[in-house]
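Remarks on the structure that follows.
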Amino acid sequence: MARRRQLEAPSPETLKAISEGIDRDMTRPGGLRPPIADVVADAAGHASPLPQAEREQNARNRADAERLRAAEDKGLVAVELSLDAVHADAMTRDRIALDEDEMQELMASIALNGVRLPIEVHENTEGDGQYNLISGFRRLTAVRRLLAANPMAGPKTIPAFVRQPKSAVAPLVAMIEENEIRSGLSQYERGRAAAMAVYDGIFQSVDEAVSVLFQTASKAKRSKIRSFALIHEELGDMLRFATALNERQCLRIAAALRGGLTEDLRSSLEQSDPASAAAEWDMLLPAIERSEAAPQDMSRGGRPKAAPKTARGEKVDLGNGVALEREQGASGFAIRFHGSSVTAEMVDEVILSIRDFMVAQNEG
């Protein structure tokens, strides 16, 4: 068996000689130097480092691009969307009526200065380039009206923040919060929003809907909103001027509904066609007052009912130290006598006179 030869590392002198030999071969005409080496050498000869200011600007540009990308991912950068790509009916809107005077002011402002605050949308789950409106219903409506009024020059796009909701509830909460802050909902609209969220299957109960949608409201306010939701559930299909009801009126209607007068209230609304909010309230009032006059069922809980207020007319001075005053309360009308000269006999005489007057009227 042949003996293996042990390899030894070349000395520094040997390595230097080898390198010099390669360099001679590479520079010799027709030698082994590849063409790419000449290209690289020429580029390196003409290259010069960027000025310091330009290098700093490039670094800032890269940082700005990263921040912009991060802001876009969070929905903080407004984009221009075609009006046809935004759909406002993807979820039940909380606002029923738009004040026409306010809409005209908004349209004039947008026509002059554009949309100052972008609307909020989220992309359709189908990924077809369509978007569902979260908040900004009034602004979207105003822009569409401007386009309808002037199809040639009217705005065809609207600025929007594209959000990425974490759940199906998030867009509904955002819509209500925006309207509560910018242009408050009516009492009825608050209750309707909670009731419709249950109807749409977003929540299991009105209590849950109110707790989530109005989570920043006080406990007392949430309790009232549950009452407003009851009005929509029981009378929403019949009320024509529901948004005109104030808080006190809504609470009185809700109390009557809880008192078992739902059919009475519905019957009152069926009797005629009110032309105004005041006329509609007058139709409901008799049933409401009957409910308020009835003894309270303490087993139902809640605060004791306040005594109905008594309406009083002007005092009529009879000139002999006696004055009469008409009163109207839940139980009917009464005549109150005032003055130190009033006696029981005097009151009895008046009662007899009224009786004789009524008898004569009936006989006539």
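Determine if region 343-354 includes at least one residue that is assigned to a loop (DSSP other than H, G, I, E, B) and touching a helix residue (DSSP H, G or I) at 6+ places or on another chain (Cβ under 9 Å).
no
Of the residues in region 181-210, how many are under 15 Å from the mean Cα position of the chain (by Cα) and hydroxyl-bearing (Ser, Thr, Tyr)?
Start the filter on region 181-210 by keeping residues that are under 15 Å from the mean Cα position of the chain (by Cα), which leaves 181-197, 209-210.
Right, trim to hydroxyl-bearing (Ser, Thr, Tyr) and you get 183, 186, 188.
Within region 181-210, residues that are under 15 Å from the mean Cα position of the chain (by Cα) and hydroxyl-bearing (Ser, Thr, Tyr) number 3.
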Margin query: Among the residues of region 295-310, are any more than 34 Å from the chain's Cα centre (by Cα) and modelled with pLDDT of 75 or more?
Written below: no
Next item on the list: Would you mind stating whether ALA278 is in contact with a helix residue (DSSP H, G or I) (Cβ under 6 Å, 6 or more places away or on another chain) and either under 24 Å from LEU185 (Cα atoms) or of a type outside the set (D, E, K, R) (or both)?
Entry: no
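Each row is one residue, and each column tells you yes or no for (1) under 20 Å from GLN249 (Cα atoms); (2) at pLDDT 90 or above; (3) buried (at least 16 other Cβ atoms within 10 Å of the Cβ); (4) hydrophobic (A, V, I, L, M, F, W, C).
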| residue | (1), (2), (3), (4) |
| --- | --- |
| GLU189 | yes, no, yes, no |
| ALA193 | yes, no, yes, yes |
| GLY201 | no, no, no, no |
| PHE214 | no, no, yes, yes |
| LYS221 | yes, no, no, no |
| ILE231 | yes, yes, yes, yes |
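Quickly run through region 197-207 and pick out the residues that are part of a helix (DSSP H, G or I) and out of contact with any helix residue (DSSP H, G or I) (no Cβ under 8 Å at 6 or more places or on another chain).
Kept after step one, since they are part of a helix (DSSP H, G or I), are these residues of region 197-207: 197-199, 206-207.
Selection gives TYR199 alone.
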Checklist line | Matching entry among GLU289, GLU270 (being modelled with pLDDT of 85 or more and surrounded by 12 or more Cβ atoms within 10 Å (Cβ to Cβ)) | finding: GLU289
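Where residues in region 113-159 are among the aliphatic types (A, V, I, L, M) and without any contact (Cβ under 8 Å) to a residue 40 or more places away in the chain, which of them is nearest to ALA193 (Cα to Cα)? I'd like the intermediate steps shown before the answer.
Restricting attention to region 113-159, the residues satisfying the condition of being among the aliphatic types (A, V, I, L, M) are 115, 117, 119, 121, 133-134, 140, 142-143, 146-149, 152-153, 158.
Subsequent filtering for residues that are without any contact (Cβ under 8 Å) to a residue 40 or more places away in the chain retains 117, 142, 146, 148-149, 152-153.
On the way: LEU117: 24, ALA142: 22, LEU146: 28, ALA148: 29, ALA149: 31, MET152: 37, ALA153: 36 Å.
The selected residue is ALA142.
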Check: Of the residues ALA43, ALA59, ALA108, which single one is farther than 30 Å from ILE202 by Cα, at pLDDT 80 or above and exposed (fewer than 12 other Cβ atoms within 10 Å of the Cβ)?
Finding: ALA59
Next item on the list: Could you grab the pairs with beta carbons closer than 6 Å, sequence gap of 6+ or different chains, first residue in region 198-224 and free of Cβ contacts under 8 Å to residues at least 40 places away in the same chain, second one in a helix (DSSP H, G or I) and exposed (fewer than 11 other Cβ atoms within 10 Å of the Cβ)?
Entry: none
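The values are calculated or read from the model by the stated rules, or taken from the named source; none is laboratory data. These numbers were taken from a predicted model, which means no experiment stands behind them. Cβ: placed from backbone, ideal geometry, glycine included. Neighbour counts: every protein chain shown.
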